[in-house]
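Below: one structure, written as structure tokens.
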Amino acid sequence: MSGMGSENKTLKLIKSIVGRSFQRMTINPADIGYLQYPEFRSSHQLFIRPRTRRRSGNWDQEIDAEVFWSSVYEPAADAARGMVPLQHYVFYNALEAHFLNGQPWRDTRWYQWVIARQDNDPVRRYRNKDEVAERLEFLETLYSDFKSGQYRDEAVSRPIVNIGRQGRMAIEDGRHRLCMARVAGLKQLSVDVNIIHADTQQVLFEE
């Protein structure tokens, strides 16, 4: 399986959290290579910060899918759960197109998808013209804050990642900040770790 991040660096970082009661780690956003799809955590669980968990299985397999936003709007069976490369995540592509290549929001496939859903099952926080304008302004500010070093960690609401075998790292929640941090070239970001693959932990415990 291929990824966009540095797997060796991720494995070293895991050693600082495995077996502890907390789940915070500092990562280089460039090491995030995937989106977890579908996510493990439902919307009401996103306000709960449990301990980092072990989980076996093939949930960390790379899957061939294109995702615009999340499984909330693009359902997928749990049996097909895996990691979608960020190259196939349309929201991430839109951020690169807009902030790195100067493409207007309205010309990105993600923006067009959001607008098309407004009359039927609209995306939360993008339900109408005013909300879209507000969120796009938020994205512009977030990018500026990351580039200028003004972004401040929010301990009560850190982005959440999952870590699979060989250190593959996927976005679980906090897609705005994690994707933007990567696009903006941020070198460090604090995250909470939701799930680490059981096989990865077993390897790390070996001396």
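Scanning segment 129-183 for residues that are modelled with pLDDT of 95 or more, within 27 Å of Met83 (Cα to Cα) and among the hydroxyl-bearing types (Ser, Thr, Tyr) turns up just one, Tyr143. Among residues of segment 122-141 that are without any contact (Cβ under 8 Å) to a residue 40 or more places away in the chain, those with a Cβ under 7 angstrom from a residue that is β-branched (Val, Ile, Thr) and surrounded by 13 or more Cβ atoms within 10 Å (Cβ to Cβ), sequence gap 6+ or separate chain, pair up as Tyr126/Val114; Tyr126/Val132; Val132/Val114.
Can you tell me how many residues in segment 192-207 are at pLDDT below 90, assigned to a helix (DSSP H, G or I) and touching a strand residue (DSSP E or B) at 6+ places or on another chain (Cβ under 6 Å)? Counting residues in segment 192-207 that are at pLDDT below 90, assigned to a helix (DSSP H, G or I) and touching a strand residue (DSSP E or B) at 6+ places or on another chain (Cβ under 6 Å) gives 1. For Ala76, the criteria (1) over 15 Å from Ala170 (Cβ atoms); (2) without any contact (Cβ under 8 Å) to a residue 40 or more places away in the chain hold in every case but one, which is (1). Among the residues making up segment 76-90, those that are modelled with pLDDT under 75 and part of a helix (DSSP H, G or I) are Asp78, Ala79.
Listed by first and then second residue, the pairs with beta-carbon distance under 6 Å, at least 6 apart or on different chains, first residue in segment 164-178 and over 15 Å from Thr52 (Cα atoms), second at pLDDT 95 or above, are Arg165/Asp60; Arg168/Asp60; Leu178/Ile32; Leu178/Ile171. Regarding Ser43, is this residue within 23 Å of Ala30 (Cβ to Cβ) and either surrounded by 14 or more Cβ atoms within 10 Å (Cβ to Cβ) or modelled with pLDDT under 90 (or both)? For Ser43, the condition - within 23 Å of Ala30 (Cβ to Cβ) and either surrounded by 14 or more Cβ atoms within 10 Å (Cβ to Cβ) or modelled with pLDDT under 90 (or both) - is not met. Every condition in (1) touching a strand residue (DSSP E or B) at 6+ places or on another chain (Cβ under 9 Å); (2) touching a residue at least 40 places away in the same chain (Cβ under 8 Å); (3) more than 16 Å from Val67 (Cα to Cα) is met by Leu100 except one, and the failing one is (1). Restricting attention to segment 103-159, the residues that are surrounded by fewer than 18 Cβ atoms within 10 Å (Cβ to Cβ), of a type in the set (Lys, Arg) and part of a loop (DSSP other than H, G, I, E, B) add up to 5.
The values are calculated or read from the model by the stated rules, or taken from the named source; none is laboratory data. Keep in mind that what you see is a predicted model, and the values were worked out from it rather than measured. With ideal geometry, Cβ positions are generated from the backbone for all residues, glycine too; neighbour counts draw on all protein chains shown.
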